[in-house]
Structures are given as C-alpha cells and as structure tokens.
Amino acid sequence: MSKMINLKIDGQAVSAPEGTLIVDAAKLVGIDIPVFCYHPKMEPVGMCRMCLVEVGRPLIDRATGQPMLEADGSPKISFGPKLETACTTPISEGMVVVGMSPKAQAARKDVIEFILTSHPLDCPVCDKGGECPLQNLTMEHGAGTSRFIYDEKMRMDKHVPLGDLIYLDRERCIQCARCVRFQDEIVDDPVIGFFNRGRSLEIVTFSDPGFDSYFSGNTTDICPVGALTSADFRFGARPWELRATASVCSQCPVGCNITYNVRREARTNGQVVIKRAMPRQNEAVNEIWMCDKGRFAYHFTENPERLTQPLVRKNGELVSAGWDEALDLTAQQFKTNASGLLALLSGRLSNEDLFNIQKLAHGIGGKAALYTDMGGGNLVTQFGLSAGSNLKDLGKGSAILVIASDLEEEAPIWWLRVKEAAQRGATLIVANPRSTKTDRAAAHQIRYAYGQETATLLAFARALNLKGAPDQASTSPEIKAAAEAFAKAENAVLFYGSEGLGLQGTQNLAQAAAMLLHATNHTGKANCGLIAVWPRANDQGAWELGLQPVEDLAGAIRSAKAVYIAAANLVGDSPALAAALRESGAFVVVQDLALTETAALADVVLPAQAYTEREGSFTSGERRAQRFFPAVPVRGQARADFAIAAQLGQRLGVSLEGTIPGRVMAQMVVEAPAFGALGRAPYRKMSETEPQWPIMGRADLYYGGTSYENSQGLGTHLALASHASLGHAWPEIAPTQSSGGFTAVPVTVLYDRGETVLPSRLLHSHIPAPFVRLHPEDVVRLQLKGAAGEMRQALVEINGAEVVANVELDEILTVGIVLIPRSMGFPISGPTPVKLRAAERVGA
C-alpha cells in the first residue's frame, strides 16, 4: 500500500496516495479542477495551463526538520508567488491548495480568452456541442464578451481527412496534444503529430495511408473540442438527442464494454437507429478504450439484407412463410430425425442462445457441437482466469507468455493491456514464427517454425526439468531464460492463439500450455491462468457450457439426418463442408441474420435478432460473463435465438424458457457448473459495479473524455472446473508436412471479409484484397516477379477452391510456407497443402 498523504484543497481535507497529482486528489473528493491537456491515462504535460492553482506548503524549521507552527498550533503555510499547474504537481503532506481564489480564477479566465482568440464560432454546427469541455468551461470561467476582433482570427483548413475514419478541423484544434500523446504513449502508434510552430501549429498524419492505427477513434473521445470527428458520426446527430444503451462488443473475445448511442431518424422512416458506438469504462476489461473494428463494424446489425421473416423451401425455392409454418415443419423433421440431428452453433451466439439450443438438441436425442477451428477451450475452463483477475494488476514480478498469436490483429485491446503490463515491469515473452507488434514490448522473443508451436512449450518444460517433459524437446539459451522468468514469476498469464494452427494443433498447444501453468504453480489463483485468443466473442461461453467442436465435421454432416445451424456460414467457409451438406440429404435449418451461402441451401431459414435488439450475455476470453441490453427495436419478424429454440422445444416436448433471458441464465446457474458463481440472481450479479479510477462520467467530460461511466455492470468471473481431464502426459506433435511443395498456414487480420465486418461500408477501404505472403525465394521460383520488378498476382489452389491473390514478401518465413489470412475468401481452417502459380498463366 502506498503511503497516504494528507492535504487541504479549497478548505476540504483530502487523503490520497503518495505521488498523486493535485488534480487527481481533488477529483477524489468531488472537486473539479478544470483541464484541457491533462488526461488521467497519460503522462501530464502542463501545456494548456487551465488547471492553475495556488499552492501553499508548510514552512519547515531547518534545524529540527519539523513544520513551523502558528500561535494556534497549526502549521505555517507559505504560498509561492506564482500559480502552479495542478496536473503536474504531486501532493505533499500538509499542502494547502486553493483553486477558487481570485488569482486562480483570473488565470483561468485568461487561458480561456487566449484559446478563443482563434477558435471558430462553430458551436451551433459542431459535433462536440453538448459534450464539449471548451464550451462548458467557457461558460463557467470565460468572459461574457470578447475583446478580440472577429476579422483578426486565424483561418485554417476545415474538414481535413487525417484518414478514412477521422476528420480534423484545424481551426478548432487547441493544441492540447491529447491525440498525439494517446497515439504515442498509449497505443505505440505515433502516426500523427505536430507540424509548424506558434499559431501555425497543426496536427498532421505521418503514415500512408493516413492515420493508420487500429485505435484512431479514441482520439475523438478524448479531444476536448470538436477538432477530431469520426466519419461515422460526423454531422449525424447532436449529443443531447441521443439515448445511451449499455452493451458489449461482439467482435472479439476481449468483451469490451461499450455504449450504443441511438435516436429516431427521419431518413429511416422514424425508426430508432444506432448513431455511434462509444467506450464504457471497465478497468478490468477495456479500461476506457475500444478498437476501431468494435467502434465501426456494428453496422452488420443494420445490414439492409437482414432477414425479416422465415423462409421455407417449396418447389426448390425459398419463399416467405409464417412463423408457425416454419416452426411446425422444422419440429416435424427434427422429431422424425431426432437421433440424427446435428446442431452446429458458433461463438456469435449469446450464452442464453447456446444453452437453449444445446438443451433442445440433447432433449430429443441429437447432438450439439461448436463450430470453430480452434480447440483447447475445455482446458481454459479448468485453467483460465478466476475471480479477482485483472490484467491491469500485472506488473513487476509477473510474467505474460503470448504464443501463436498476433494480439494486435486478433484482440487489439488485449495487445494494449499486455503492452501496458510490460511497461509496468511485467516480463513479456512472445513466441511466434514471425515478428508482430507485441515484440516491441517483449523481454524475450522466441522464434520457431510453423508446426513447432507445441514443441516450443515442451522445450520450456524441458528447460525447467519439469516432470514428464519429453527428452527430445530441444532447448536454447533464449528458451531457457524465458522459461526461468516465467517459472519464477509470482503471477503468470499465458495467451495462446491459432496462428498457423487448426483444431488439433490448438488443442495440443492448449494441453502443453495448461501443463506448463500447472507445473509452475500458476493456476487456480487470481491473475494466473490460460487465455485463448478465440476468433469469436462468445467461444469461451460455449466451452463453459460443454459444447465442443467435431474433429471430422464433414463426416458428421454427411451422417446427419437433420442439421440445425445457428450463426455459422460453413458453406461460405469451406467447399468441403458445402459438398458434405449437399451430399448428406439432411433436412437443413439455418438461423441467422442474413441470407448467407449456407442459408441459401437450407430447407428452412429462421430470422434471428441481432444482439443489439435483445438482452443477453457473453463470456469473454478472460471467463468474465457480461450483460448486453437492447439498443434498437427488432427488425421485422426476427426472434431471439434462445426464443426460437424454446418455441421448437414446445413442439417437441422439451421445456425451455423462451421469453425472458434472465430466466434462461437462472437455469444455466443450476445446470452449468461454471455459471454457478453467478449465484441465485445472475443478472443482478453481473450488473454489480464498484468505484473505478479514473472517475468517468458525463459530468466530467473535460477530465476523461466522452467515454461513459459504467453503471450497468462490470461482469463476473465464472467458476473454474476441476483438473480431472488434464491427465499427466505432455502432448507431442509432429511438424506439418507439405505434400505439394507448399504448405499454407492460416493467420488472422483484424479487418476481414466476415459476416460481422463486411456489411460496414465505412471499413471497406481498410479490408485488404485477398493476399498471400511468401519467402522471396518462393516468389522467384514461381516467377511471380515481372521483368520490371512488379509483383504479379498468384492463383492459389486450396481445399477445392481457386483464388486470385496479391503477393507480399516476408523474408522471415520458411521457404515453402505460405501465409494465408482467414475470412478473406480462402477456405482454410489449418495447415494444408496449397498450389500456387502466376495468375497470368491461368488456362495456359
């Protein structure tokens, strides 16, 4: 515990930890010292001078070292001749701070006046109006009239696109440097900065393409004026017209807490629509940040091609039908083929949806499986993070191991938090076949060949002489040093991903990871455990409910008599699965948001509600169950997935809750052991909050930005399962062998062509064309470089599909390895043989 310091601010006694800045100490007791440049998440710079205060300190007797006293016994206080910045001055014992004195008030008035000398009179049309710190502080501290002539104001460029997503109004910028410092200090993307000097100082972008950062949207939140606006919200609405709804981001397993701002729109015929997505503070999850994918990809819920009514196949074509007809036909077929039913569910579904559909399938004698290419979730349920865990608590004495994952591409906020932990002193170990941005913060970097992921962790075990570690595992000085740092850490967290791996490979990697954590005593306690970097938001929730993937999915589909697919597009993902579905002759029911390639082959299509239209919960990769709430009305006749399952259950004699998701969760608490930690009132438990630092709120816009405080729940960790299924054998895996000269290995990119990204037109310019990465020697061997040095496109033959792709060079790759991104039009689920040739030679 830090030493507590006692002082007085504006006559009020304050006690705060040593090292606290005056501005933060004041906030603890509800005293607002105005700021523009200061932000509690960044280092103070004292640029704007808005926080000037009078500071007095006790006079110290040089002979005794004790405070000198007044006649009444109180310490003698000496005030300095000049005002001091509250954002750069740490508190000290006995300090007296006066922020409401005439001297301090006059200084604040002067600062406001100087800022407004060249600030445009844009308030009536500015997006920031209504949530603008400059507007608010001008009303509180500024003069009622201006002494400056309007014609003498500086004129600068307006509507400047820093990038595709963020616009700059240079006239409005007050040079507080919040945006520049955020990009430099917080996200390590210094792609914007200051240019010129004096009154000509302006923000510019240094990257090509402009403002090339996955976190650019956060700068619009922390900008204290309307200088930075997003292309999504720009001139879209006024803040006071918006209604706020708490939610959870559905794009990745981090589970960022967010707020959807909605309003009724004339252009949508009076329908309520989402106008923007904003961060919601949860210091244990996403703090007050969110990535641009989460901020701008929500448009998939508003896809104009959304399904709004059931479809039934008649005479070979899908035609509109009523709910009763569609459900009756589905129930009849499920009853006839009960034992041959296969339900395929994805991590896009909520906990409540997964529970009800799984219970329906099991209730009639069928099977339910998780649709995923990544395994190991059964081990995360046993060795994952437990109650009290918070990545923010990791620092000196802790270790973090990231293997087979490019965190910035797969889960950007986790990358942010892991980097911050390393900056606090945690030992970061990164093991990956290629370099990633995470390497910048790593104390140890381990390189291995694709196919050697599990062998690398076995080498850690061998270096530590752990019981049962295979003798053939080869170590190196780098691995030994990293392994020793990991083993001796007080707290240790291990992230494993699926880079270069498929279902079995990730299962083996998770087994090795769990064994390593268990053997080094880093399980079953706070801030220790295994985290899977899942491809979907609620994959972990599915594993916690006992759902697991099928190893031979194509075979399982061929043998099924009825297939019930919810929130999965297996036909669009894989020609092999598409062929299996066609060849099976099974009765196919698809439940989804849009008419996907899979839905187009179905016998019955059931329209599901988007998660923004209903209530429910997700379980993050850190095993934290969190609630989301309805933000907009339901589209057409769509129904919630859990409700559709319940209505089918009613026809099939399986009792399921189909009206209130909270009641479904209450059943989960009883029947799913992991959810027992949520208690008798699970939704209430997930909705509990506690004081967080920094203090956020709409009344404190100038202090922390326009992020929302969290009054709707911080979520709750699930209970860990027993270790019974771990076993005592370290896994072994042979390297992937190439049968056609080249082996394709999958990697993840943040902006892909998936069903939850592609409908967001705003992100289209950020979604790359299909590409592959090759070693330069392979490019020469395939004659993919033209005479002038230009790169030709390649024809990629993979898993029964042909894709024309751009070619990128990567000298770090092993010769014969081809990196292929997931969800970019390539059917790839794991390491697989691939053939390549120059695209110009097609048909030759």
* Starting from segment 188-215, take each residue that is touching a residue at least 12 places away in the same chain (Cβ under 8 Å) and list its partners that are part of a strand (DSSP E or B) and charged (D, E, K, R), counting only C-beta distances under 8 angstrom and pairs at least six apart or across chains. => PHE194/GLU202
* Asked: Restricting attention to segment 515-524, which residues are touching a Ser or Thr at 6+ places or on another chain (Cβ under 8 Å) and either within 20 Å of VAL669 (Cα to Cα) or at pLDDT 95 or above (or both)?
  -> LEU517
* **Top-ranked residue of segment 760-811 - restricted to ones that are of a type in the set (A, V, I, L, M, F, W, C) and within 28 Å of the chain's Cα centre (by Cα), ranked as surrounded by the fewest Cβ atoms within 10 Å (Cβ to Cβ)** => ALA769
* Looking only at segment 386-400, decide whether some residue is touching a strand residue (DSSP E or B) at 6+ places or on another chain (Cβ under 8 Å), outside any helix (DSSP H, G or I) and under 30 Å from THR598 (Cβ atoms). => no
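Scan segment 677-707 for residues that are farther than 20 Å from ASP24 by Cβ and out of contact with any helix residue (DSSP H, G or I) (no Cβ under 6 Å at 6 or more places or on another chain) and report the count.
Step one: filter segment 677-707 for residues farther than 20 Å from ASP24 by Cβ, giving 677-689.
Within this subset, residues satisfying the condition of being out of contact with any helix residue (DSSP H, G or I) (no Cβ under 6 Å at 6 or more places or on another chain) are 677, 680-681, 684, 686-689.
Result for segment 677-707: 8.
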* Asked: THR372 passes all but one of (1) β-branched (Val, Ile, Thr); (2) outside any helix (DSSP H, G or I); (3) open to solvent by less than 10 Å² (accessible area, probe 1.4 Å); which number fails?
  -> (3)
* **Matching residues in segment 681-713 - criterion: being outside any loop (DSSP other than H, G, I, E, B) and either modelled with pLDDT under 90 or in contact with a Leu (Cβ under 6 Å, 6 or more places away or on another chain) (or both)** => LYS685, ARG698, ALA699, ASP700, LEU701, TYR702, TYR703, GLY704
* Structure fact -> Among (1) touching a strand residue (DSSP E or B) at 6+ places or on another chain (Cβ under 9 Å); (2) in contact (Cβ under 8 Å) with a residue 60 or more places away in the chain, GLU408 falls short only on (1)
* Structure fact -> Residue pairs within 6 Å by beta carbon, gap of at least six or interchain, first lying in segment 83-98 and in a strand (DSSP E or B), second among the charged types (D, E, K, R) and buried (at least 18 other Cβ atoms within 10 Å of the Cβ), listed first then second, are VAL98/GLU54
* Which numbered condition CYS249 misses (of (1) farther than 25 Å from GLY384 by Cβ; (2) open to solvent by less than 20 Å² (accessible area, probe 1.4 Å); (3) among the hydrophobic types (A, V, I, L, M, F, W, C)) -> (1)
* Evaluate segment 149-160: report whether one residue or more is on the phi > 0 side of the Ramachandran plot and part of a helix (DSSP H, G or I). => no
* **Members of segment 227-246 found to be touching a residue at least 24 places away in the same chain (Cβ under 8 Å) and either acidic (Asp, Glu) or surrounded by 24 or more Cβ atoms within 10 Å (Cβ to Cβ) (or both), listed by number** => ALA227, LEU228, ASP232
* Number of the condition not met by TYR496 [criteria: (1) over 24 Å from the mean Cα position of the chain (by Cα); (2) aromatic (Phe, Trp, Tyr); (3) more than 19 Å from GLY397 (Cα to Cα)] -> (1)
* Would you tally the residues in segment 470-497 being open to solvent by 10 Å² or more (accessible area, probe 1.4 Å) and either touching a helix residue (DSSP H, G or I) at 6+ places or on another chain (Cβ under 9 Å) or of a type in the set (Lys, Arg) (or both)? => 14
* Sort out which residues of segment 526-542 are over 19 Å from the mean Cα position of the chain (by Cα) and under 15 Å from ALA343 (Cα atoms), and write them in order of number. => none
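The values are calculated or read from the model by the stated rules, or taken from the named source; none is laboratory data. Keep in mind that this is a model prediction, so the values were computed, not measured. Ideal geometry is used to build each Cβ from the backbone, glycine not excepted, and the neighbour counts take in all protein chains shown. Calculation scope for accessible area: heavy atoms of the full protein, side chains included, ligands and nucleic acids excluded. Shrake-Rupley method; radii C 1.70, N 1.55, O 1.52, S 1.80 Å.
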